[in-house]
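Only one structure is covered here, and it is reproduced in the block below.
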Amino acid sequence: TRTSLVADVMTGIVEVLNLVSGPGDPVVVNPPVYPPFFGFIEHADRAHVDAPLDEGGRLDLDALEAAFIHAGAEGRRVTYLLCNPQNPTATVHTAGELEGVSALAETYGVRVIVDEIHGPLVPADFVPYLSVAGTGNAFSIVSASKAWNLAGVKAALIVAGEEATSDLARLPEVVGHGPSHLGVIAH
């Protein structure tokens, strides 16, 4: 299967980090980004590497490439935690930008985990990361909690790209016990 229930998006991110990386491995992020990313990365015993957005608040593919190279320099497994659309800037990444991310991730062997919780709140130009070519080895984590104000009724969904299903199959069954029954129904 390509999906798995989890309690919330941040729990899903940590669980996927546990599937595709190990303690001490680097996680690339694009500051300014949702501040809890840093705490959850630290809690997962991973190190964050910054690839800041450009002055216009857009993904900077040159900075991202430099971060991928730096993060992978010691042979560690590199993960990229992408916020799509970006929180807190509300930047909606274009298909071209996401294709650039996908190409860089493939070139440098980086696993991509995408927080897409705000996707339903943006205009029709939102592009889900897994809809872009070359993203089969990535994960998207989604929830109705932001768009429909359901944060109090816990539930989220990990969606694995076609090539990431074997990783998702290793997710411990107990992780699926986190969503509330009411949360699953509401979502």
*Whole number please: convex hull volume per residue, Cα atoms of the chain, in Å³.*
109
*When ligands, DNA and RNA are left out and all protein chains stay put, how many square angstrom of accessible area per residue does the chain have with a 1.4 Å probe?*
46
*Karplus (6.51, -1.76, 1.60) ³J(HN,Hα), θ = phi - 60°, over the stretch 173-187, in Hz, Gly and Pro reported as x*: 4, 4, 4, x, 7, x, x, 7, 4, 4, x, 4, 5, 5, 6
*Top to bottom by accessible area (1.4 Å), largest first, where do L168, L5, L182 land?*
L182, L5, L168
_Compute, for the stretch 8-77, the length of the dipole vector about the Cα centre, with Cβ point charges of +1 (Lys, Arg) and -1 (Asp, Glu) only. Units Debye, rounded to 20._
180
_Distance from the stretch 154-187 to the stretch 6-34 (C-alpha centre basis), Å_ = 15
*Averaged over all directions, how much area does the convex hull of the C-alpha atoms of the stretch 78-169 cover when projected, in nm²?*
6.3
*Along the Cα-to-Cβ line of A90, 7 Å from the Cα, sits a label point; which residues in the stretch 116-131 have backbone N less than 17 Å from it?*
117-127
*Assigning unit charges at the beta carbon (Lys, Arg +1; Asp, Glu -1) and nothing else, what dipole magnitude in debye, to the nearest 20, does the chain show about its Cα centre?*
580
*Most positive-pole-ward Cα, N18, C83, V174, against dipole of the chain from beta carbon charges*: V174
*Any idea how far apart H177 and R2 come out in nm if each label point goes 7 Å out from Cα toward Cβ?*
3.0
*the chain - percent relative contact order, Cα under 8 Å, separation 6 or more*: 28
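The values are calculated or read from the model by the stated rules, or taken from the named source; none is laboratory data. None of the values given here were measured: they were computed from a predicted structure. With ideal geometry, Cβ positions are generated from the backbone for all residues, glycine too; neighbour counts draw on all protein chains shown. Note: areas computed on protein heavy atoms with side chains; ligands, DNA, RNA excluded. Shrake-Rupley method; radii C 1.70, N 1.55, O 1.52, S 1.80 Å.
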